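The values are calculated or read from the model by the stated rules, or taken from the named source; none is laboratory data. All figures in this text were calculated on a predicted structure; none of them were measured in a lab. Virtual Cβ from ideal backbone geometry, glycine too; neighbours counted across all protein chains shown.
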Amino acid sequence: MLAKVTNTAALDLTHYPSLHAAKFDADKALLLECVAVLADKAHPPMLPRAEQKQQTRLALMDAARHLMECGRGFGSLSLREVARTAGIVPTGFYRHFADMDQLGLVLVSEVGQTFRATIRLVRHNEFVMGGIIDASVRIFLDVVSANRSQFLFLAREQYGGCLAVRQAIAALREDITRDLAADLTRMPKLAHLQADGLHVMADLIVKSVFATLPDIIDPPAHALPEHLTPQAKITQQLRFIFIGLKHWQGLGSTE
């Protein structure tokens, strides 16, 4: 009888239980397959655990920077609001950082890497390409603009309310000063100066740059005369320092 059946669509399957069951199983399998495809689209494959953890860690760092971009100081941020902004529960914060101080130290390390990479670009400009101060300042300002949230954190928190962060920034500043002093020893025009004098001058240069950061990050709302713009001021200050360096006779000298 089954061999004579040619139009199963028009067939009343209630009279053929085995065919009814077979069709139900096939429909069920097709439905389950469709559900599985939709589920895959709605929920992509899980990332490897290490990568997922790194993304959450970066989300917490981004959350802290976002809150600071809204005008908050790092010392005023709470663990709960950083976690909430990152989209995780507060207890999840502790899987990545021991406390807010540690988060702050990681943010200092991050901007430190960016800052030192910038210094390397400036060194290349000065020592390899024979660049001038104007070009070096332009390089620095471009990097600050491209990484505004990092340098906003640095500009504000060097005088902020978190002691651990202030100390870390001070250590970063000293490391950059030490690197710059080493660079200055390789400049022929400064060969007459000893290492201790060059370190003092490097400290003056680095502190001048750090002091200018707030003006670079948040320039005044009203237009400034050209010579008073942050770029013009830091350029002139550095030029003044380097002109003086060529004539200075070192520590203890009055000339």
Which residues, counting only those in the range 188-212, are touching a residue at least 40 places away in the same chain (Cβ under 8 Å) and farther than 19 Å from GLN237 by Cα? HIS192, LEU193, GLN194, ASP196
Would you confirm whether or not the range 122-133 contains a residue that is closer than 26 Å to LEU245 by Cβ and modelled with pLDDT of 95 or more? no
Looking at the range 212-232, which of the residues that are in a helix (DSSP H, G or I) and charged (D, E, K, R) is modelled with the lowest pLDDT? GLU226
Matching residues in the range 182-198 (buried (at least 19 other Cβ atoms within 10 Å of the Cβ) and modelled with pLDDT of 90 or more) number 2
Starting from the range 162-185, keep only residues that are within 18 Å of SER208 (Cα to Cα), then list their pairs with residues that are among the polar types (S, T, N, Q) whose Cβ atoms are within a distance under 6 Å, requiring at least 6 positions of separation or different chains. ILE169/GLN158
Could you pull out the residue among SER149, SER145 that is touching a residue at least 24 places away in the same chain (Cβ under 8 Å) and either in a helix (DSSP H, G or I) or farther than 18 Å from MET61 by Cβ (or both)? SER149
Which residue is surrounded by the fewest Cβ atoms within 10 Å (Cβ to Cβ), if the candidates are limited to the range 212-237 and must be hydrophobic (A, V, I, L, M, F, W, C) and within 24 Å of GLU157 (Cβ to Cβ)? ALA221
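Mind checking which residues of the range 238-250 are surrounded by 13 or more Cβ atoms within 10 Å (Cβ to Cβ) and outside any helix (DSSP H, G or I)?
If the condition is that a residue be surrounded by 13 or more Cβ atoms within 10 Å (Cβ to Cβ) and outside any helix (DSSP H, G or I), then TRP248, GLY250 are the ones that fit.
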Out of THR235, THR177, sole residue that is closer than 21 Å to SER109 by Cα, assigned to a helix (DSSP H, G or I) and hydroxyl-bearing (Ser, Thr, Tyr): THR177
Just the residues that are assigned to a helix (DSSP H, G or I) and of a type outside the set (Lys, Arg), please, taken from the range 80-101. GLU81, VAL82, ALA83, THR85, ALA86, PRO90, THR91, GLY92, PHE93, MET100, ASP101
